[in-house]
Structures are given as C-alpha cells and as structure tokens.
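For reference, the structure discussed in these notes is given below.
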Amino acid sequence: MNFARRRAALLERLDRPLVLFAGGLVSRNYPANVFPFRADSSFLYFFERPEPGSAALFDPDGGAVTLFLPERTVADALWHGEVESFEAAKARHQVDGVMNVEALESHVAMLAKGRQVDALAVADRKTTQRARDLTGEELDFDDPTKVGRGEVLDAIAAMRLAKSSEELAEMRRLVATTKEAHVLAMRHSRPGVSEQLLTGHVEGSFSRGGCVPAYNTICSVRGEVLHTNAHENTLQVGDIVLLDAGPEASLSGYCNDVTRCWPVGGPFTPEGRDVYELVLKSQLAAIAAVKPGARFRDLHLLASRVLAEGLVAMGLLSGSPDALVESGAHAMFFPHGLGHQLGLDVHDLETFGDRIHYPNGRTRSAQFGTQYLRMDMDLQPGMTFTIEPGLYFVPAILRSKEFREKFKGQVHFDQAERFLSMNGGRGFGGIRIEDDILCTETGAEVLTAAIPKARAEVESIAGSA
Ligand code: GLY
Ligand code: MN
Ligand code: MN
C-alpha cells in the first residue's frame with residue numbers, strides 16, 4: 001500500500017489540522033493483560049504497522065504529517081522487546097517529523113498556532129477522552145453523529161470507499177484462508193460433533209493464514225439467531241450449520257465476511273432444499289443487478305421480492321411480491337438488510353454513520369426488517385460490500401402477537417409453525433448466503449466465488465472428513 005500517497009491525498013482534502021489516533025492497549029482483566037492491539041481503521045489506512053498509543057497530526061498548511069510515538073523505555077524493551085527508534089520510524093513512515101506522544105498536547109498547540117484542531121473518536125475510550133480534551137469537541141465513539149466533524153468523515157470516507165488495486169489484492173489474497181476455514185468446517189460436520197470443534201477448525205485456519213477472526217465467529221445450528229456467538233450445541237441429524245466467519249489479515253487489517261450453510265448427516269430435507277435454493281436465487285439476482293449507479297436499496301428490495309415470491313410458492317406468504325415487500329410481510333422471514341460496505345472494518349466505515357451510508361438526504365426506513373439495511377448508496381466502481389440475504393424461522397417474530405395481527409392476511413403463521421416445530425422440535429433454524437462483492441465498471445465480481453456454494457456441492461462436502 002502506498003501510505004505516503006494516501007496521507008498526501010488526505011492533506012489535500014483538509015481545511016484545518018487533524019489529529020488521528022491509533023488507540024491504545026485495552027486491558028482484559030488486570031492492567032498488564034491486554035487484548036491484542038488493533039489500531040483504529042482510519043489510522044491503519046494511513047500508517048503501516050502502527051504502534052499502540054501513537055497519533056498523527058495532519059497539517060494542510062504546509063502539507064506536513066507529524067507522527068507521535070510512545071517514549072522508548074528500558075522496561076518496555078525488557079517486557080515487550082525493543083522497537084525502532086524515532087529516527088528509524090521517521091524513515092520507515094516517510095513522515096515530516098516524529099515526536100513524543102507524551103507531550104502531544106503541547107506539540108499540537110505549538111504546531112496548530114491557534115487554529116481549531118479536528119480529531120476522531122476511537123474505540124479505546126481513554127484515547128477518545130484525550131481527543132475530546134485536545135479539540136474541545138464532544139466526541140463519542142458510540143454515537144455516529146459525534147465521531148468527528150462531518151467534513152473530516154466525508155474526506156476520509158471518500159478515500160476509503162473505492163478500493164485500490166492493492167487493497168483488492170489483499171482482500172483476494174485472504175480468500176484461500178476463508179475457503180480453507182469454511183471447507184474444513186463443512187467436512188467435519190457430522191452428527192455428534194460440537195459447534196466448538198468446527199469453530200476451532202475455522203479459527204485455526206485463520207491463524208495458520210496469518211489472520212485473526214475479523215469478527216466473532218458465528219458457527220451454529222441456531223442460524224436464526226443472527227449474531228449468535230455461542231458454540232455450545234452438538235450437531236444432530238437434520239440440523240443446518242450456519243457459518244458466518246471471515247479472517248482479518250493481522251498486518252494490513254483487511255478482511256473477508258462470508259456465510260455458508262450446509263446440512264448435517266445427509267442431504268437437506270425437502271424444506272431445507274427449498275429454502276436454500278430460494279436464498280441462493282435471491283442472492284444471485286441481487287449480484288446480477290450490481291453495476292455502477294445501481295442503488296443498493298433497490299438491490300435489497302429486489303432480493304426481498306425474489307424471497308417473497310418463493311415464500312408464496314412454499315405456502316408461507318400470500319399476495320404479490322410487490323405488496324408483500326411494501327407491507328414488510330417478507331421481513332417475518334428476512335428480517336435484516338442485504339449487506340454493507342467491507343474493507344478494513346467488516347462493516348466498513350460503519351462508525352461514520354448514515355451520513356456516509358445514506359447520502360443525498362436519504363433516510364432509513366422505519367419498517368421492521370428494512371430498518372436494518374446498513375446502506376443505501378449508489379454503487380461505484382471499486383466499492384466492496386457484501387450481499388447476504390437469508391431466511392430464518394425466529395420464534396420471537398413468528399409468534400409475536402403484534403406481527404400475527406398485523407400480517408394475518410399475508411403470512412401463514414400456521415405453516416410457519418410447522419417450520420418452528422420440525423427437526424425434532426429444534427426448529428428449522430436459518431439459512432444465509434453471503435459473499436464479498438466488488439462493483440466493477442460493468443457489473444459485479446464475486447471476490448469470494450471460490451468458496452463452495454452450489455447446493456449439491458455443499459451437500460457433498462458436508463461430513464466428508
Ligand atoms: N458477519 C456479520 C455480518 O455479516 O454482517
Ligand atoms: Mn456481513
Ligand atoms: Mn457475515
């Protein structure tokens with residue numbers, strides 16, 4: 001990656017000084033026992049292998065970048081190993097200066113010469129407090145409207161949204177690791193095997209590939225719990241495993257985000273086959289509609305209509321696909337959005353909020369289901385995002401008094417009840433199919449196409465170890 005060029009491009013877009021923070025080490029239980037360090041993505045975008053606790057001042061007046069690093073102490077060298085000197089860091093990063101971060105505030109005050117300074121909130125709360133004190137702004141990492149000044153978010157997002165060939169190469173490089181993880185989990189899925197064992201295969205593959213999980217691995221026969229992180233079940237004949245897992249490259253921070261589903265102890269049941277084929281059909285329809293200028297919400301609605309049509313054929317819904325999607329009846333089975341941006345963050349730039357993801361005055365739907373659509377952008381060449389429709393049989397939704405009343409003419413809750421009680425009373429669960437997509441000049445490239453997805457293929461791999 002050409003980090004120096006990225007920094008120069010950011011300087012061009014700034015109208016006043018900006019301090020970016022990498023974020024510091026965060027403790028797990030006692031101060032010396034810390035979580036592995038992961039720099040804030042907007043810092044990682046501009047600096048290779050950043051140090052915990054570091055910061056950088058971008059000054060558009062003169063076009064200088066000053067890097068602030070923690071002091072080098074004998075104790076740190078003893079416990080954690082020696083790190084490069086300030087001089088070596090200056091040469092490696094090709095910055096204009098390196099200074100001690102302990103004196104960040106006084107150095108920045110001197111360099112800013114009275115100008116208002118911008119900064120961004122980061123996940124590490126202590127560092128965000130420092131950013132608040134430095135800028136006098138009410139920065140808050142948990143509130144997308146307070147992560148930073150809008151113009152700064154726009155400037156960084158404009159750079160991070162369209163991926164360069166180097167970034168795409170990194171995301172493509174990870175696919176071999178993602179494939180190994182998913183195929184290993186498929187192969188070991190036999191009755192009596194635990195979700196935890198499959199998770200071990202998945203995360204072992206990530207580690208062997210020089211990666212960490214990009215997010216908590218979702219590996220469960222309870223696929224209807226969208227973001228479950230429990231791995232406590234034992235696989236039984238008739239279960240469907242849902243694996244939503246992707247690696248993040250330990251050095252660069254880029255990631256994959258992929259979901260596959262497969263049956264345990266034999267091929268899919270007739271219902272499993274119908275649901276799988278329908279989810280796949282809707283995913284392929286949405287992928288086929290990807291092109292520059294396509295509006296992501298239209299892709300979401302297209303996938304929703306394909307699902308609604310199939311659910312009518314299965315006797316779960318009644319009505320025209322348009323009417324079902326208009327009323328939100330489809331969301332009784334497809335209760336989330338079609339996808340999200342992907343890059344350094346699994347939900348790339350999500351901390352910057354709907355300012356980025358719902359541009360041009362667009363706003364989120366208030367309707368259950370579509371309200372979770374994480375972006376409504378016009379696609380551009382170079383954007384990378386996921387397409388991940390799914391169908392789920394969620395007891396809390398399908399037995400909700402409110403929804404049963406609201407959708408009584410459109411949803412056949414008695415038929416849904418059949419799915420909730422099948423599989424020995426454990427219920428059908430859920431099926432999601434997720435790939436990572438690049439919008440090209442002419443359409444879509446499925447970056448994760450190498451990971452088996454055709455029904456017959458996943459059926460033949462499942463349990464084959
Ligand atoms: N892995 C979380 C998601 O698919 O959004
Ligand atoms: Mn995703
Ligand atoms: Mn996912």
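Structural remarks
- The residues of the stretch 384-443 that are among the hydrophobic types (A, V, I, L, M, F, W, C), more than 16 Å from ligand 3 (Cβ to nearest atom) and in contact with a Phe, Trp or Tyr (Cβ under 7 Å, 6 or more places away or on another chain), listed by number, are PHE393, ILE397, LEU398, ALA416, PHE419, LEU420, MET422, PHE428.
- Residues in the stretch 92-109 that are among the polar types (S, T, N, Q) and open to solvent by 70 Å² or more (accessible area, probe 1.4 Å): GLN94, SER106.
- Yes/no for PHE419 being of a type outside the set (S, T, N, Q) and part of a loop (DSSP other than H, G, I, E, B): no
- Within the stretch 241-266, considering residues that are part of a strand (DSSP E or B) and away from ligand 1 (no atom under 15 Å from the Cβ), the one nearest to MET171 (Cα to Cα): ALA249
- Among the conditions (1) of a type in the set (Gly, Ala, Ser); (2) within 15 Å of VAL122 (Cα to Cα); (3) open to solvent by 20 Å² or more (accessible area, probe 1.4 Å), the only one that ALA56 does not satisfy is (3).
- Considering the stretch 351-389, and only residues there that are within 11 Å of ligand 1 (Cβ to nearest atom) and touching a His at 6+ places or on another chain (Cβ under 7 Å), the residue that is farthest from VAL411 (Cα to Cα) turns out to be PHE385.
- Verdict on ALA366 being touching a Lys or Arg at 6+ places or on another chain (Cβ under 8 Å) and open to solvent by 10 Å² or more (accessible area, probe 1.4 Å): no
- The residue that is farthest from the chain's Cα centre (by Cα), among those in the stretch 346-380 that are more than 15 Å from ILE437 (Cα to Cα), within 15 Å of ligand 3 (Cβ to nearest atom) and charged (D, E, K, R), is ARG374.
- When residues of the stretch 322-336 are limited to those that are surrounded by fewer than 23 Cβ atoms within 10 Å (Cβ to Cβ) and within 16 Å of ligand 2 (Cβ to nearest atom), the one farthest from the chain's Cα centre (by Cα): PRO335
- Test: residue in the stretch 277-295 that is hydroxyl-bearing (Ser, Thr, Tyr) and surrounded by fewer than 18 Cβ atoms within 10 Å (Cβ to Cβ): no
- Unmet requirement for ALA89, which otherwise passes all of (1) surrounded by 16 or more Cβ atoms within 10 Å (Cβ to Cβ); (2) touching a residue at least 60 places away in the same chain (Cβ under 8 Å): (2)
- Single residue of the stretch 422-444 satisfying the filter (part of a loop (DSSP other than H, G, I, E, B) and touching an Asp or Glu at 6+ places or on another chain (Cβ under 8 Å)) that is surrounded by the most Cβ atoms within 10 Å (Cβ to Cβ): GLY429
The values are calculated or read from the model by the stated rules, or taken from the named source; none is laboratory data. Source: prediction; values computed, not measured. Using ideal geometry, Cβ is built from the backbone for each residue, glycine included, and neighbour counts are taken over all protein chains shown. Keep in mind that these areas ignore ligands, DNA and RNA; they rest on the heavy atoms of the full protein, side chains included. Shrake-Rupley method; radii C 1.70, N 1.55, O 1.52, S 1.80 Å.
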